[in-house]
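See structure below.
The values are calculated or read from the model by the stated rules, or taken from the named source; none is laboratory data. All values derive from a computational prediction rather than experimental measurement. Positions of Cβ are backbone-derived with ideal geometry, glycine not excepted, and every protein chain shown enters the neighbour counts.
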């Protein structure tokens, strides 16, 4: 087998929001498993930090909410690696505030990042995924599962409920093309996203402490734990899993 053949036979994974937290951990986990990984984000430096020390990871600075963002992502993956096997729709934006505190820009930004972008990126990637019986993994949240409410995060939660519905529906629509769609709903994960979105550090620390006391597992989760689940759901051995959304939250959502 030639080096070129070996190169093209390795799986290719695209991870959006790959500059930090769950996205970074996921990219590194797939790279460790032997895949080529393209991490996508709006800011170059965090992407470079994700790829540092991991030669199987390459970066693409792109805004997936723009009209040409999805095409840039898929075209780059195919140009660099010749195939696309797994799409991880991880990029998300959560703006805290009750409805009266959220303006139209807050609404539009969350809808664009959390819902419109994964819809259009998945549509653009579908042909490439179909060529290799690929998998789409949608990152949801355990905070919006079932009949739960989430004061202060209503729009963010609503986008994730919608993404869960897309996971189920796309699983049926794409099945004839050999493409699986699965979802992962993490619970409270210490990614620091809240502070990056403007929450004061002391408020974030208090939030983590409060959740540790409420979660049956007695702690919050880590990005690496969620990354492990994403890799497993996207593995060829998980082919019979389709249309499901798996909660990984230390049993918080079932207490």
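Overview of results
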item	result
Filtered residues of segment 133-191 (kept if part of a strand (DSSP E or B), at pLDDT 95 or above and closer than 21 Å to residue 215 by Cβ)	139, 183, 184, 185, 186
Top-ranked residue of segment 10-32 - restricted to ones that are in a loop (DSSP other than H, G, I, E, B) and under 18 Å from the mean Cα position of the chain (by Cα), ranked as farthest from residue 221 (Cα to Cα)	11
Selected residue [part of a helix (DSSP H, G or I), under 22 Å from residue 20 (Cβ atoms) and touching a strand residue (DSSP E or B) at 6+ places or on another chain (Cβ under 6 Å)] from 70, 46, 118	118
Residues being in contact (Cβ under 8 Å) with a residue 24 or more places away in the chain and assigned to a helix (DSSP H, G or I) - total across segment 196-210	1
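The rows are residues; the columns are (1) free of Cβ contacts under 8 Å to residues at least 40 places away in the same chain; (2) crowded, with 20+ Cβ neighbours inside 10 Å; (3) closer than 22 Å to residue 226 by Cα; (4) touching a helix residue (DSSP H, G or I) at 6+ places or on another chain (Cβ under 8 Å).
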residue: 68; (1), (2), (3), (4): yes, no, no, no
residue: 81; (1), (2), (3), (4): no, yes, no, yes
residue: 86; (1), (2), (3), (4): no, yes, yes, yes
residue: 120; (1), (2), (3), (4): no, no, no, yes
residue: 131; (1), (2), (3), (4): no, no, no, no
residue: 134; (1), (2), (3), (4): no, yes, yes, yes
residue: 148; (1), (2), (3), (4): no, no, yes, yes
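A quick yes/no check of all residues on (1) farther than 30 Å from residue 36 by Cα; (2) in contact with a strand residue (DSSP E or B) (Cβ under 6 Å, 6 or more places away or on another chain); (3) surrounded by fewer than 20 Cβ atoms within 10 Å (Cβ to Cβ):
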site: 138; (1), (2), (3): no, yes, no
site: 151; (1), (2), (3): yes, no, yes
site: 158; (1), (2), (3): yes, no, yes
site: 170; (1), (2), (3): no, yes, no
site: 186; (1), (2), (3): no, yes, no
site: 219; (1), (2), (3): yes, no, yes
site: 222; (1), (2), (3): no, no, yes
site: 251; (1), (2), (3): yes, no, yes
